[in-house]
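Input: a single structure, listed below in structure tokens.
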Amino acid sequence: MPPFFSAIRAIFQFAQTSLFPMIRNDIPESAVGADCAAPIFSYNGAMSAEPVRQTQRFARRRGEILDVASELINVHGTRGMTLTAVAKALELDTSSVTYYFKRKDLLAAACLERTLLWLRDAAATAAHEPDPRARVHAFLRAQFDLHHRQRDPNVARLALLSDMRALDDDTRAPLDDLYAEMFRIVRGFFAFGEEPGARSRSLISATVLLQNVHWTSAWLPHYLDRDLDRAGERLFDILDRGLSTGRAWPIRIEPLEEQSGDAHTRFLHAATNLINRESYIGASVEKIAAELGLSTGSFYHHLDNKDDLVVACFDRTHALLETAQSRADASGRDEGERLAIMVSSLVALQFAGESPLLRTNTYQALPLELRGRMLQRTDQATRHVAGTIADGIADGSIRTIDPEIAGHSVMAAIDSAGMLRRWAERRALDEAAGMIIDVVRSGIF
């Protein structure tokens with residue numbers, strides 16, 4: 001790997017967000033689907049209407065381009081990855097890269113396609129296990145094995161998926177289809193039969209599981225190689241059995257923000273909703289203003305620039321996390337109840353607030369300095385949750401589990417609720433929030 005990318009990797013590992021696992025160069029391409037006979041995004045930059053003849057040299061060079069482009073996406077986002085930068089890192093002319101990928105967006109799409117194909121294949125392999133717990137265990141084991149192997153500094157990474165929404169609709173459509181296919185496989189891990197609410201339970205369990213998988217990249221770098229297997233087993237135990245000792249948890253929803261119609265608050269809600277849908281890169285000033293039916297000039301009348309608004313959106317998210325935690329700390333009979341109150345209030349906001357919390361996968365497209373600051377604040381909120389869990393173990397309201405891993409799992413469950421907003425709109429708020437609480441309390445099965 002060129003020294004330039006070794007330096008970039010060191011920066012990225014420090015500021016890495018909780019988005020996606022990785023892949024080795026030495027895994028056979030046929031196993032990951034990276035360079036199948038007819039990839040969606042072919043060498044000539046067009047959707048493949050017919051198979052492209054692959055030679056070993058062609059496949060090797062294409063894989064090198066994908067590796068370098070993925071590294072750039074992981075550091076700078078899809079917009080920050082350029083054909084010129086990819087060519088320079090490989091000591092090629094830009095025309096040599098455009099032979100394989102005519103346009104930058106198609107190269108970005110091919111990187112994301114490779115990631116999605118790996119995840120889909122990992123899910124499909126796990127789906128052959130005989131029961132739900134064995135399927136989830138095998139799926140998690142595959143992710144942790146990848147994390148372990150990826151500690152080799154000479155191994156290339158898959159592209160993180162968080163910037164997929166910044167691609168134009170036509171380019172993104174096949175990727176959306178791949179993600180939906182993968183999600184259906186994961187949802188099929190669960191066997192709730194025909195009982196009432198079975199479809200909702202499988203939807204929630206699959207969403208929480210996948211968000212936990214994405215989230216592992218945020219905390220696994222803190223573990224020694226020899227501790228990764230143990231961390232994986234502890235995460236599985238938390239997902240399997242939940243946090244509770246068996247006692248019911250209350251669904252008590254504390255309002256977290258006052259209704260306000262001032263211009264600044266309206267911009268915050270519009271920007272948060274748009275960033276969650278289209279990523280930091282995709283949420284332009286023009287789109288944010290249009291979301292409110294205003295002109296771009298009106299935007300600049302209230303705010304100096306887009307980055308100030310984005311920072312304000314992150315500040316709002318972290319303030320809401322802190323408000324939920326402080327109000328829960330002042331309530332409840334024990335730490336288990338306090339944790340339930342915090343989670344139910346945040347999930348209710350995710351489901352029914354004017355805008356939810358910013359999703360964690362929006363962090364990856366931020367400039368590195370800002371990304372590091374935002375991740376540090378999220379880590380502080382997660383540590384508070386872990387402290388609550390540790391105190392709950394001490395007072396007997398939470399069963400004996402790993403508090404730190406459980407804290408990350410709870411944060412992932414809260415984050416996943418933002419992806420279930422449309423599902424929740426068709427249900428009573430306390431009923432919808434209660435189903436997420438049940439997963440945290442009793443597990444995904």
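Key figures
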| quantity | calculated |
| --- | --- |
| Filter result for Trp215 (touching a residue at least 12 places away in the same chain (Cβ under 8 Å), farther than 15 Å from Ile414 by Cα and in contact with a His (Cβ under 9 Å, 6 or more places away or on another chain)) | no |
| Count - residues of the stretch 67-108 that are in a loop (DSSP other than H, G, I, E, B) and either crowded, with 20+ Cβ neighbours inside 10 Å or not assigned by TED's automatic domain parsing to the domain that holds Met164 (or both) | 3 |
| Verdict on Ala324 being within 17 Å of Leu358 (Cβ to Cβ), at pLDDT 90 or above and either among the basic types (Lys, Arg) or surrounded by fewer than 21 Cβ atoms within 10 Å (Cβ to Cβ) (or both) | no |
| Search result, residues across the stretch 383-409 that are polar (S, T, N, Q) and in contact with a Leu (Cβ under 9 Å, 6 or more places away or on another chain) | Thr388, Ser397, Ser409 |
| Index of the failed condition, Trp118 passing every other in (1) in contact (Cβ under 8 Å) with a residue 60 or more places away in the chain; (2) over 19 Å from the mean Cα position of the chain (by Cα) | (2) |
| Flag if Ala386 is buried (at least 22 other Cβ atoms within 10 Å of the Cβ) and either touching a helix residue (DSSP H, G or I) at 6+ places or on another chain (Cβ under 8 Å) or of a type outside the set (Lys, Arg) (or both) | no |
| Checklist (1) outside the structural domain of Ala348 (by TED's automatic domain parsing); (2) more than 20 Å from the chain's Cα centre (by Cα) applied to Trp215, failing item | (2) |
| Qualifying positions in the stretch 218-230 - in contact (Cβ under 8 Å) with a residue 12 or more places away in the chain and not aliphatic (A, V, I, L, M) | Trp219, Pro221, Asp225, Asp229 |
| Flag for Gly396 being surrounded by fewer than 22 Cβ atoms within 10 Å (Cβ to Cβ), within 23 Å of Asp308 (Cβ to Cβ) and small (Gly, Ala, Ser) | no |
| Hits in the stretch 237-264 (condition: among the polar types (S, T, N, Q) and either modelled with pLDDT of 85 or more or not assigned by TED's automatic domain parsing to the domain that holds Gly434 (or both)) | Ser244, Thr245 |
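Conditions tested, residue by residue: (1) under 30 Å from Lys104 (Cβ atoms); (2) not in a helix (DSSP H, G or I).
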position	(1), (2)
Leu140	no, no
Leu146	yes, no
Arg157	yes, yes
Arg165	yes, no
Met182	yes, no
Val186	no, no
Ser205	no, no
Gly232	no, no
Phe236	no, no
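The values are calculated or read from the model by the stated rules, or taken from the named source; none is laboratory data. This is a predicted model, so every value here is computed, not measured. All Cβ positions, glycine included, derive from the backbone under ideal geometry; neighbour counts span all protein chains shown.
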